Structure formats: structure tokens, C-alpha cells
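**Student:** Pasting a structure here, questions to come.
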There are 4 protein chains.
Amino acid sequence: MTLSRFATRLNSFGSAPHLFWPDLSGKPTFMQMAERAATAKGLTDVDLNFPDHVTDDAATVGRRINDLGLSVNGLAMRYYTNPAFKLGAFTNPDKSVRREAIDMTKRGVDAARAMGADLMTLWLGQDGFDYNFQLDYAEAWDLEIDGIREVAEHDPACQISIEYKPDEPRAHALLRDCATTLLAIQDVGAPNLGVTLDFAHALYAGEQPAYAAHLIHRRSKLLGVHLNDGYAKRDDGLMVGAVHLRSTLELLRQIRRDGYEGALYFDTFPDASGLDPVAECETNIETVHRLLSVADRLDADNRLGEAQSRQDGVASQSIVNAALIASA
Amino acid sequence: MTLSRFATRLNSFGSAPHLFWPDLSGKPTFMQMAERAATAKGLTDVDLNFPDHVTDDAATVGRRINDLGLSVNGLAMRYYTNPAFKLGAFTNPDKSVRREAIDMTKRGVDAARAMGADLMTLWLGQDGFDYNFQLDYAEAWDLEIDGIREVAEHDPACQISIEYKPDEPRAHALLRDCATTLLAIQDVGAPNLGVTLDFAHALYAGEQPAYAAHLIHRRSKLLGVHLNDGYAKRDDGLMVGAVHLRSTLELLRQIRRDGYEGALYFDTFPDASGLDPVAECETNIETVHRLLSVADRLDADNRLGEAQSRQDGVASQSIVNAALIASA
Amino acid sequence: MTLSRFATRLNSFGSAPHLFWPDLSGKPTFMQMAERAATAKGLTDVDLNFPDHVTDDAATVGRRINDLGLSVNGLAMRYYTNPAFKLGAFTNPDKSVRREAIDMTKRGVDAARAMGADLMTLWLGQDGFDYNFQLDYAEAWDLEIDGIREVAEHDPACQISIEYKPDEPRAHALLRDCATTLLAIQDVGAPNLGVTLDFAHALYAGEQPAYAAHLIHRRSKLLGVHLNDGYAKRDDGLMVGAVHLRSTLELLRQIRRDGYEGALYFDTFPDASGLDPVAECETNIETVHRLLSVADRLDADNRLGEAQSRQDGVASQSIVNAALIASA
Amino acid sequence: MTLSRFATRLNSFGSAPHLFWPDLSGKPTFMQMAERAATAKGLTDVDLNFPDHVTDDAATVGRRINDLGLSVNGLAMRYYTNPAFKLGAFTNPDKSVRREAIDMTKRGVDAARAMGADLMTLWLGQDGFDYNFQLDYAEAWDLEIDGIREVAEHDPACQISIEYKPDEPRAHALLRDCATTLLAIQDVGAPNLGVTLDFAHALYAGEQPAYAAHLIHRRSKLLGVHLNDGYAKRDDGLMVGAVHLRSTLELLRQIRRDGYEGALYFDTFPDASGLDPVAECETNIETVHRLLSVADRLDADNRLGEAQSRQDGVASQSIVNAALIASA
């Protein structure tokens, strides 16, 4: 069944620590955060960052997560271990640093496989530029493609998903939006590649998330969906539906129709303002359930389809309002 | 009773003319558009542009509108009659053009009063700049203040409301946001000045509309509210709640609490894509009624107030979701 | 020789009419505007809008332009003749309107060829959506591809260039950015397709123009370059280098290195604020000459290349500053 | 003499540590970073963060900075010591947390005075909101005003400068732009208050920096100028003139004309991508010198003033180009 798995960002669960650990001094460990996440009703999965969260033997780490009643949805690379990564991972000007980034990613793929997760998310936020005249774009693109290809070919049984983002930490990312990422995937040409759509990233790339998801579906594979929200200017990390409720509903309906079967991952930042992460996660799950139920009502007859066949934005707005907004 | 008057942009009602005038050739007249607007259920008021819509004796025009069952909420200045206005109305470098703009505005005030409307909205979109080094900012600010003052003092019984907007037609408007407009109003120092908040303008000025409305309320007067929606990048003119449903709800609740008693004016552009303007207007009215009913539910107990007293964004989101999103 | 042809937007030349036509009453004709454009020193080409500017036999119109000492760089489609185009040209929900748009475009291609221009620019700004739930994205994409294909196959000897733009008149265009346009071109699969990069469009799509130009170069063909500037929020139509001087310099250097041999077209709006269009055009040409001379200095040795090989943004900034900023 | 003092962000000087400390293991101390900053030719001042950088007796810290040949321009508050500050400093919902923030700020003022700096910069980035319905705006504004007033009245001989920023860490700051900050300053009503304009903050608040600086000058005091650059979407922290060269030039000329006598502080992030901070700082100083020399040329005759008196953007662009862009 589609859209029944919910995953979450584990680092959120260090937020408001006194609510869960009245006596904790210092920061909670990764596994303590996982224990806390496991108390969120409805949560089924977690994503782990690599290498940060896999400090032990990967299979062991995976088993511990499973013992908490959670599955590992996948791993996600983080290129922070070497300060030299600040100037690029796969596109770093220094060949040895590029090698280090690629080799670390391969170890991450191995770790994912050892946990039975078979999904590695690459967010290549360091591969970009800050200044005009800083980068030879031709060379940088070639390096990016070569790096992704080497990682994809390392283990064809592991799906590699590229998560695009317009900026941060660099002022401009090479893989800044949906379509540029699809071009890169085509240049690489490996069958185990796909895309992770992050709702807030899509918004501040200027995209309409449902349209971006459909472009991914028709030309590649949608391998991950990160739900959150924001004001379309930066990666705010707000709760699902906090700002763009209608656009979130449209995205959920679109990916369900296009057959997305992966997890819905909450990439939100309750820790940024010290909110209760368990309540936050449960509210996100509840919001998705509410919206899926609205989508069910929209799908129950063909009125919306008829309005769309005329591109009648007034009729579709009215139909969606009736299904979405509560009456007295 | 607050928030029971609905006004609309008359020029929208030239959209999809064949639906209302099967045999019309050419463009509908202003009064034909008013006749069509009058068929929108729930609409109570219109705003007229000056001088465009007041081509006859003002009292006569007002009476014709009243005969359609509509009130004139107010007039709104448009500075397009002289091509020289492109470089500024009150801040035009040419003294005689400034004089023409100010005098035309005074005639607009007289016309509003002759219709019994007592409200003139100034959108000073021509007063700004396109280029660095184009404007002496000190001089331009002084001219803007002087122009507003002369208009305000012309008839103290007519409320003058300044509608701010970040850009368009100029790349930068002098009165670009809520707070700059409040500074200008203070510099003028006339008691009959206030502010019109346009939802889409506030969004793409980077503001949160409810916060902007409250700042206006506490330092000046909220004299007009333009409802619409957009993607926070430009003046999209979309239907109420089309994108930012929650933010619209928050704004409606805020202005109701702050005692706003004016009309809710739909500044939307169904004509931009040829939508049915009557259906569009009726959908907007229905959306506002739905949201006011949600606001009633939020105000029925103090749970939201308690969540706000802790700035608990998770709890407030959950409380609003329960009141806003329909269940099966 | 590259970058020696300068084209311009003819409609600009109706601005400040009294400077050129002291006695003109009413609007200047298209050919009067062309006569005025021909007085701009250094201008070599014009682009004509179709059908607006080709009201006579195409070959005759072309000859008249040539008689003014100007070449026709190409034609550009404008879908305003039928109000139904507001809801889409190639993606219009009404089959007969789609047919009208495609057929009109083919006639435009024929007209371009009759003038010996062999370049048709398509800006498909009407093909998009305003609202969530307004469009079936799958169907709309298919229609867009089919329409472009039919036009491209109509005359393989005419280059068809797609000019992307994030929005306007629709709130979201289907072909909103460089990479989405490249995906569409690939889906069409016709050899006579390419892309027009408009500097201001690229900026407010969030792109770095030089990077976008290089992506176009490596996967398709750069068939047009529109120079102008703006504040990266909307299509401001400002003079070349008015805001992003360094980024403009980088773009010029990039396309020269990638072998662009087409015209540089000034897509600016002096008419929006009533500026002198001849002086504006000549200033644009002079700015480009200044910047190309800076690019020559940058290319005279390999210091910039060495800085880029280390992605050393400080060194490259310092090198460019020395070549760009005048000393006492 | 105006605009001859250059200050810098000390934390930048931990970037690329191997260039300065070949044998350093671990992070450099604050005083080590100051020693390195002191090697930047032309640098005269530093700003210290409070409490982070003042871990010793304030007078002693000040003396050590002076011994390096640098002056302390001022202190800047940072509200990170208590995780509870994430939900607000002066506007925190918890009265005891507000008290802690205010008292810490007073100690910061005392420390500034003990160093003879007499300038405290408040960046109240934690005072804001992330969600609709999270904040009671009326109450939050009152708390903000009360907090600023108490701090300003603590020592009237210390200038208190408010640095506005649209967001970060909160999704919306209360004091988001120039004009809102001026309203707050007026509500407080203390004579020792003023504003710090940060170039990149102004850009992504949608402002034109020179216009914002002039509004500050005429209604309050410009107490600090942070130079940097960015793409007008977030706080990129790029080098001076990296993107908006012309706008930087305009700002420098405006503040010089308005009599600004404070330091020019480089709020840039070379550490974000591991650039050489000494070369970066020296390049910034050199860029400012280059631009001030351009401004001198613009001020040498009245051609620019004449162009501005007609708001002739073409002429002013041409005049500035001739002074700004190097010829062969």
C-alpha cells in the first residue's frame, strides 16, 4: 500500500531534551535519539546520516534500530568529516579530496546494504560555487557526473537518490533543481539512480512540487519524498502543511497516482526552536493522514478531473475547498 | 458587524465576456462590468478607479452603482492618464507633472465624497526608481510626503489610504512595505491617513500579513484589506486561499480581533487567464465565509491562546488543523 | 567574429516619442519605430514579433528593415491575438485553440524564412498554470512537446529557439528554467531546436547565467542571448550591467569561449518609464564593448584560469577587480 | 575623515588554519584569530561577540586587542548560551529567560564600555516566529520594545545599534527590515539607539541599501555598516562587490554624503568554504578603496547630480559606467 510508511530526521530528537530525559547532561547519543523517535506513534522508519550515525558495525546499528520497532529507510551522505569538503565533495579541486568523498560514499552504500536498506541519498550541497569566476563550469559538471557514476556503479543493487537543493552551504549548488538533476542523471546513465524531492527545496527553487514530482516520475524514479514546509525563500524546516497546505495535498495526490511506494520522510527542524520533536512528528503524521483522506474524497468522483480538463481553476479551487476545509 | 462587506475589482468582470454577453462585440463598458458584478451572490460593494471609472458626474455614477444594489466602498487613484507619470506621480522630477498628479488626486477625493464613499486609496506605484543612481532619495522622500500631505489636507473628512507594494511598475517603489508606509504616514502627520494591506503585496514584501496588519492597527489605521493570493514572488492575483490558506485565516482572525470594520476587497485577476469572474468572486466570498467559521471555532475556547502563551508552534498547528481541515 | 551583432526590442522605440517625433500624435507605427532604432549607433539587427510586426508581406517587411541598414535577426512569437490563448497556446485545453496557436507559429516560421532570418524564438509564457489542481501535468507536458515538435518539423531549415521564463503571464510556466527546457528539447528530439537565454529570466529563475549558458551549450544549442538586468525577482528590463555587472561579464566571457556567434539582443524596457530608447540602446552597446574589453584583459594571461583550478574565489575576485574597476 | 576605519568578523579567521598555523591541532582560540586578523593590511578594528569573545575581564581583552594594533569597534550580542533562547531572547515566552537575555545584554554593554568601545550591536534574530498562530504579535512587540528600552537606559553613554535581518534563525524576525526597526526605535524613544545596516540583509529584505541607509540617517542614526554581498535570497556572506558592485558603490557614496563616520565592518564568511581570510579581508579593503575612488570621480563634477534631477537613469548609468569600468 502506498504512502503508509513514515520516516523522520533523527537529529530532531535532541530537541527539548528535558521533556524526555529529565536528568540528561550533555547531548543525547544517536541511539538515545532513536529511542525517543520510536515513541512517536505512527512512525515506521528512520533515515541515518553517514558516516555520523553509523559509528559502529552497520549491521549492528541496523539491528538496534529494528529492535526499537523501526526500519531503516535508507542512509544519507553528509560531507562534513573533512573541512576540505567545504569547497566540494565530488567537484573538489583537489583530486585526493574528491577520492576521499567518493570512497566514503561507497562505504556508505556498503553500510546501507549491510542494514538491508538499499537506498542511499546524496545531497551534494558542497558541490557548487559562491562567486562568479570561481568555477570552470564545464570541468565541474564533468567531475560531478563522474563521481555520481562511480558511486552508482559501485553496487547496482543499491538505489542512489539525488536530493537537490538550490543553495546551502554553497551560494549556488550545481544540482540546484529538479530538472538539472534529471539532466545529470541522464548524463550518468546508471539504472539505479533516482531523485529525492524535498518539499521546501522545491518551493525555494521556484518549483511547484507536484509538477516537479511528475517530471521526476516520467523521466527517472522518485526514490524519496521529504515533507516539510517553508516560506519559499530558504529551507525553513517547518511542519507539514504549515504554509502550503494545498500544494502539499496536491503533491500527495500526485505521487500516489504516479505509484510512489517509498516512505514519507519528515525533514523538519523542531530542534531549531526547541519544540517537542515527538509531538511535532505525530502532528506531521496526523496532517498527512488528514490530507490523504481529503485526497480520497477528491478521487471519489470525477468532478476534479472534469474541471482540470478545462483547466478551470475556479471550479477546481471550489471542489478542493469543499473537500479540504471543515464546515461547522 | 465586522467582515460582512465584500468588494471587488471591477475590471475583472470583463473576463470571459461570452459567458455574460453572448453577442457583445468589443470591450464591455465600465457600467456593463458593474452590472455583471452585481450578479455575484454576496457581493455588497465595488471600488472604482479614478479617473478611469468616473467619466461622468460622480454623484450620477455613484447612483447608478447603487441602483445595481451595490455600494461604492471607495475610489482608487490610477496614474496612467499622462505618459509622464511613468517617471513618478508625486515624486516626478517635473514640477508641473507633480502638480497634475496632486490636482487629479484632489479631484478624485471630491468624486469619492460626491458618491458618499469617503475613502480614497492611493497606490503610488510610479513613485520609485529603477536604477541605482537614478534618484536623490532625500528629495524623493520629501516630495512624496509633501504630495500625500496636500492630498490629505484637501478634505479631512475623506479617509486617505496608502496601499503599499514592493514594485511594479517601477523596479523599486518608495513605499514598498508596511513599515516604510507607516513612517511616511507619521511624517505627513494628518489624522485622515491610513493603510491598505494587500495580501499578495505583503507576501512578496516578505511580510507575514497578520503581523503587518497588527503593526498598522497599532500605529495608524487599517483602512482597506485586499484579499487574494500568490506565490510570494509577484502580484499573482490568485483567488483567496489559493496558496496560503493558513496565513489568510490568521489575517482574517487578526483584523477581526483588532476591530477592522471595512470591506474585504478581492484584488484578483481572473481576467489574466480568462476565468469566469462571477464564479471566481462567489468562490472568494465562500472561502472567506468558510475561514471565518474556522476562526469562530478557534475563538470558542482558549486552547489556541494557551498554546500562543508558550509560543508552542506544534500545539497551535494541531489546534488549527483540527478546526481547519475537514474530516471524513 | 563573435559578439559583434547587436539586436534590440523594437517596441522600446515608442518611448519618449517627442524626442524623435516632435509632432507625432498617436502611437508610432512599427516601421516608424524601426526607423528610430536605425539611428542607434552600433545597432545591427532587430527581432520582429509575429504576428504583430509582420502585418504586410514578410519579404517586403524584411526588405524595408534592410533598407534602414538593419538585418532581421529573427522573429519571436507572441500569443495575444486570441483571448483564448490566455489559458495556453500549445497546452490550451481546447483543441481548436491549440491548432490555431500551432498554425500561427508555422506561419511565423514561414515569415522568418521569407525574410532570410532562419530563426524563430518561442516564448511559451501562456503554457503553464496559476493554481494547484488546475492542470493535469502529464497531459500538459505531452501537449507542449507535441506542439514544439510539429513546429520544429514544419521547416527543418529554420532554427527554433525556446526562451524560458519562470512566470508571466501565468504564475508558473511549464518551461520555467534552463534545465526544464533542455528536458523538453530532448523529448522533442528535433535537430533544429535550441534555447534563448534571457539574463533577467535566468536571474529570477535562481540561475547563474554563465552556468546556464554552458549547460545549454553542452546539451543543445544556444540560439539567442537576451541581455538586460534586474533585481532577480521579476523581469525588470533594466539596462545591461545595471545590477549584476560581474555576472554579465562572466556570461559574455562564457558564451564567447563556447563559440556563440549569434546576436546580443537587448530585451530592455526603456518605455516602461519613458526613457530615451536611442540613448538607452547606445549605452547598452557601449557597456558590452567595455565588458568585452575587460574579458580580453582577463584572457590575456592564465592567472584567472589558475585561480579557478583551485576554485580560489578570493584570487579570482581580485583578478577580475583589477581588470574591471577603473583606477584613478 | 569618513570611511577610513575597517573592521572585521573575527570568527572568519579560523578559516584555512593551515595557512597561518602549520602545526595547529584543534580550533584556534579567539585571541589567536585576532592575532591573525591583525596581519591583514589596512584593517584597523574588530568587533567582538558577547559573551563568546569576552571570556576574560573586559578591559584586559580590550588591551590585548589594542596590543595587536587594533581597536575594538564595538561588541555584538549573541544569544546562544541558553538553548531556551531559541524561542526568543527579549520576546521569550518565559519571563525568566527574558530576564536572562536582558541582563546578559547589560553585562555586554558594561563590557563594551570597559573596553572604551561605547557601541553595542543587537541582532535580535531569535525574536520572531516560525509559524502562523505561534505568536501573539501585540504582546511580542511590547516585549521587544520593553527589552530594548531597558538595555538602552542601562547606560545612556553606550550607543545601542539594532541590526535587522529578515530571518535566521527564526523563519520570520520581528525586526525584519529597516523601516520596522525604525518604528521600534521610535517606540522605545531612547536617544542612544540607532541602526546597523548589513548589505546582504538589506538585499534579501528587498531593499535598495543606499535608500535604506538614507531612511536610517534621516530618522535615527546609522551606527554600523556591514559590508558583504550575496544573491538577495539569503545571507551569503560574500566578499564586498562580489555581486552588486554598483549598489555597493551607491551605498558608500550615500553614507559618505550623509556623514557616516563609523567603521566599515566586513561581515563575510570565508570560513564557510575554507578561503584564506587574510587575503579575503585585504581584497575587501582594496575593493572599498577602489570604489571610494570611483565615488570621488563621480563627485568631481555635477553631471551625476544633473542626471538625477531629471531622474534620467540612462544618463546616470552612462556617467557611472565611465567612472567605474576600466578602459583598455
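Computed from the coordinates by the stated procedures, all read-outs in this text should not be read as laboratory data. What you see is a predicted model; the values in this text were computed from it and never measured. Cβ sites come from the backbone with ideal geometry, for glycine too, and all protein chains shown count toward neighbours.
**Student:** Could you give, in nm with one decimal, how far A:Glu261 is from each other copy of that position, shortest first, with labels 7 Å out from Cα toward Cβ?
**Tutor:** Ordered by distance, the counterparts are at 5.3, 6.3, 7.5 nm.
**Student:** Kindly work out what percent of the DSSP beta bridges joining two residues of segment B:6-324 are antiparallel, to the nearest 5.
**Tutor:** Values: 3 of 32 bridges.
Rounded to the nearest five, the antiparallel share is 10 percent.
**Student:** Follow-up. Compute the distance from the alpha-carbon center of segment A:276-310 to that of segment D:30-76, in whole Å.
**Tutor:** What the calculation gives is 56 Å, centre to centre.
**Student:** Also: Between D:Arg63 and C:Asn66, what is the label-to-label distance in nm when each label sits 7 Å out along the Cα-to-Cβ direction?
**Tutor:** 8.7 nm
**Student:** When you look at the Cβ of every residue in C:170-180, what mean number of other chain Cβ atoms sits within 10 Å? Working shown, then result.
**Tutor:** Working: counts 3, 15, 6, 0, 2, 1, 7, 8, 4, 10, 10.
The shielding value for this peptide is 6.
**Student:** Given Cα pairs under 8 Å that are at least 6 residues apart, what percent is the relative contact order of segment D:134-243?
**Tutor:** Working: 173 pairs, mean separation 25.5, N = 110.
Contact order relative to length: 23 percent.
**Student:** Next question. For B:His18, place a label point 7 Å out from Cα along the Cα→Cβ vector, do the same in each other copy, and report the separations in nm, one decimal, smallest first.
**Tutor:** Once sorted, the set of distances for B:His18 reads 4.4, 6.8, 7.1 nm.
**Student:** Given the rule -39500 (n - 2.57) for each run of at least 4 DSSP H residues, summed and divided by the residues of chain B, what is its mean residue ellipticity at 222 nm, to the nearest 500 deg cm²/dmol? Please report the intermediate quantities before stating the final value.
**Tutor:** Details: 11 runs with 139 residues, N = 328.
Rounded to the nearest 500, it is -13500 deg cm²/dmol.
**Student:** Across 10 Å bins from the origin, how do the percents of Cα pairs in chain C run, short distances first?
**Tutor:** Reading upward from the zero bin: 6, 25, 34, 24, 10, 2, 0.
**Student:** Continuing with the same structure: Within segment D:263-299, list the residues whose amide N lies under 12 Å from a label point set 7 Å along Cα→Cβ of D:Thr2.
**Tutor:** Inside the label zone: D:296.
**Student:** Shielding by partners for A:123-131, please: the mean number of other protein chain Cβ atoms within 10 Å of each residue's Cβ.
**Tutor:** Details: counts 0, 0, 0, 1, 0, 3, 6, 15, 18.
Partner-chain Cβ atoms within 10 Å, mean over residues of A:123-131: 5.
**Student:** Label position 7 Å from Cα toward Cβ: report the copy-to-copy distances for B:Asp146 in nm, one decimal, ordered from shortest.
**Tutor:** Shortest to longest, the spacings are 4.4, 6.3, 6.6 nm.
**Student:** Once you average over the residues of D:92-104, how many Cβ atoms of partner chains fall within 10 Å of each Cβ? All intermediate terms of the calculation are to be shown ahead of the outcome.
**Tutor:** Values: counts 1, 5, 2, 0, 0, 0, 0, 0, 0, 0, 0, 0, 0.
Mean number of neighbouring Cβ atoms from other chains: 1.
**Student:** So what J values fall out for segment A:158-169 if you push phi through Karplus, 6.51 cos²θ - 1.76 cosθ + 1.60 with θ = phi - 60°, rounded to Hz, Gly and Pro as x?
**Tutor:** Along segment A:158-169, the couplings run 9, 6, 10, 10, 9, 9, 8, 6, x, 8, 6, x Hz.
**Student:** Residue by residue through segment C:2-11, which ³J(HN,Hα) values in whole Hz follow from phi under the Karplus form 6.51 cos²θ - 1.76 cosθ + 1.60 (θ = phi - 60°), with glycine and proline marked x?
**Tutor:** 7, 6, 10, 9, 10, 10, 8, 7, 5, 5
**Student:** At 4 °C and 1.567 mPa s, grab the translational diffusion coefficient of the protein assembly as shown from Stokes-Einstein with a Kirkwood Rh over Cα pairs, rounded to a whole number in µm² per second. Display every interim value, and only then the final one.
**Tutor:** Working: Rh = 31.9 Å.
In µm²/s, the coefficient is 41.
**Student:** Looking at the axis that maps chain D onto chain A, which chain D residue has the closest Cβ, and how far off is it in Å, rounded to a whole number?
**Tutor:** Its Cβ sits closest to the axis: D:Arg234, 3.
**Student:** On to the next question. So how many Lys-Lys pairs in segment D:6-300 land under 24 Å Cα to Cα, not counting same-chain pairs under 8 apart?
**Tutor:** 10
**Student:** Another question, if that's okay. Fewest Cβ neighbours within 10 Å first, please rank D:Trp141, A:Trp21 accordingly.
**Tutor:** Values: D:Trp141 23, A:Trp21 14.
Arranged by neighbour count, lowest to highest, D:Trp141, A:Trp21 become A:Trp21, D:Trp141.
**Student:** Okay, moving on. Enumerate the calculated ³J(HN,Hα) couplings along segment B:89-101 in order (Karplus 6.51 cos²θ - 1.76 cosθ + 1.60, θ = phi - 60°), each rounded to whole Hz, writing x wherever the residue is Gly or Pro.
**Tutor:** 9, 5, 10, 4, x, 9, 4, 5, 6, 4, 4, 4, 5
**Student:** Please state the charge dipole magnitude for segment A:51-149, taken about the Cα centre, from unit charges on C-beta atoms (+1 on K and R, -1 on D and E), reported in debye and rounded to the nearest 20.
**Tutor:** Values: 11 positive and 16 negative charges, 61 e Å.
About 300 debye.
**Student:** From the square roots a ≥ b ≥ c of the eigenvalues of the alpha-carbon gyration tensor of segment B:175-328, which class results: rounded (a/c under 1.5), prolate (a/b over b/c), or oblate? All intermediate terms of the calculation are to be shown ahead of the outcome.
**Tutor:** Details: a/c = 1.82, a/b = 1.11, b/c = 1.64.
It is oblate, given that a/c is not under 1.5 and a/b is not larger than b/c.
**Student:** Further question on the same structure: Mean separation of Cα pairs under 8 Å and 6+ residues apart, divided by the residue count of chain B: what relative contact order is that in percent?
**Tutor:** On the way: 592 pairs, mean separation 58.1, N = 328.
The normalised contact order for chain B reaches 18 percent.
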